[in-house]
1. Determine, yes or no, whether Arg27 is basic (Lys, Arg), surrounded by 10 or more Cβ atoms within 10 Å (Cβ to Cβ) and part of a helix (DSSP H, G or I).
2. Based on what the data block shows, is Ser20 more than 28 Å from Trp120 (Cβ to Cβ), without any contact (Cβ under 8 Å) to a residue 24 or more places away in the chain and either within 15 Å of the chain's Cα centre (by Cα) or loosely packed, with under 10 Cβ neighbours inside 10 Å (or both)?
3. Would you say Ala57 is in contact with a helix residue (DSSP H, G or I) (Cβ under 7 Å, 6 or more places away or on another chain) and either under 22 Å from Val108 (Cβ atoms) or modelled with pLDDT under 95 (or both)?
4. Here are some residues: Gly84, Gly66, Gly39. Which one is farther than 19 Å from Val123 by Cβ and either under 21 Å from the mean Cα position of the chain (by Cα) or not acidic (Asp, Glu) (or both)?
5. For region 29-42, check the following and say yes or no: at least one residue is under 30 Å from Gln17 (Cβ atoms) and touching a Lys or Arg at 6+ places or on another chain (Cβ under 6 Å).
6. Could you please tell me which pairs satisfy a Cβ distance under 6 Å, a separation of 6+ or placement on different chains, a first residue in region 76-104 that is among the aliphatic types (A, V, I, L, M), and a second residue that is surrounded by fewer than 19 Cβ atoms within 10 Å (Cβ to Cβ) and modelled with pLDDT under 95?
7. Give the residue that is surrounded by the most Cβ atoms within 10 Å (Cβ to Cβ), with candidates limited to residues of region 50-82 that are of a type in the set (Gly, Ala, Ser) and assigned to a helix (DSSP H, G or I).
8. Tell me whether region 93-110 contains one or more residues that are modelled with pLDDT under 95, at negative phi and among the aromatic types (Phe, Trp, Tyr).
Amino acid sequence: MSNPRPQSPNMQNYRPQLTSVMSFGHRLSGSALVFFAFGLSAWLVAGAAGPLVFDDAQAVVHSIAGRVMLILASLAVFYHLCNGIRHLIWDSVHGFELRAIYAGGWAVVGASLFLTSALWIWVLA
């Protein structure tokens, strides 16, 4: 065979679609939530360890990096929640038309960004 066929998926021709990006994002946000759960656990243990340790933990949380991590954690929570609701709708055998799939995908992105923004506007106000 002189010209072998490319293996699937042919990455030179593959263009990510909203559905594949949403699927990857759902897995990524779920994994991030596990990471953030360890951070929450460490913060709770610091609170139980005493005021000096808790003050150090609070300093980390209130740092720029800590706030960025909290914002990313809330985005992961809202994205995973909204996309999970989308999957529950699919489990009821609704929303499988191509137009509905894309509308639902963009609704998840918009809702998770809106909810994250609303939460942080409320927290910082």
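1. yes
2. Taking the combined requirement at face value, the residue satisfies it.
3. Spelling it out, it is not the case that Ala57 is in contact with a helix residue (DSSP H, G or I) (Cβ under 7 Å, 6 or more places away or on another chain) and either under 22 Å from Val108 (Cβ atoms) or modelled with pLDDT under 95 (or both).
4. Working: Gly66 fails: farther than 19 Å from Val123 by Cβ; Gly39 fails: farther than 19 Å from Val123 by Cβ.
None of the others qualify; the one that does is Gly84.
5. First, pick out the residues of region 29-42 that are under 30 Å from Gln17 (Cβ atoms): 29-36.
Right, trim to touching a Lys or Arg at 6+ places or on another chain (Cβ under 6 Å) and you get none.
Within region 29-42, not a single residue is under 30 Å from Gln17 (Cβ atoms) and touching a Lys or Arg at 6+ places or on another chain (Cβ under 6 Å).
6. Note: pairs meeting the criteria are Ile89/Gly95.
7. Among those that are of a type in the set (Gly, Ala, Ser) and assigned to a helix (DSSP H, G or I), it is Ala76.
8. yes
The values are calculated or read from the model by the stated rules, or taken from the named source; none is laboratory data. Keep in mind it's a predicted model, so treat the numbers as computed, not measured. Note that each Cβ is placed from the backbone with ideal geometry, even for glycine, and that neighbours are counted across all protein chains shown.
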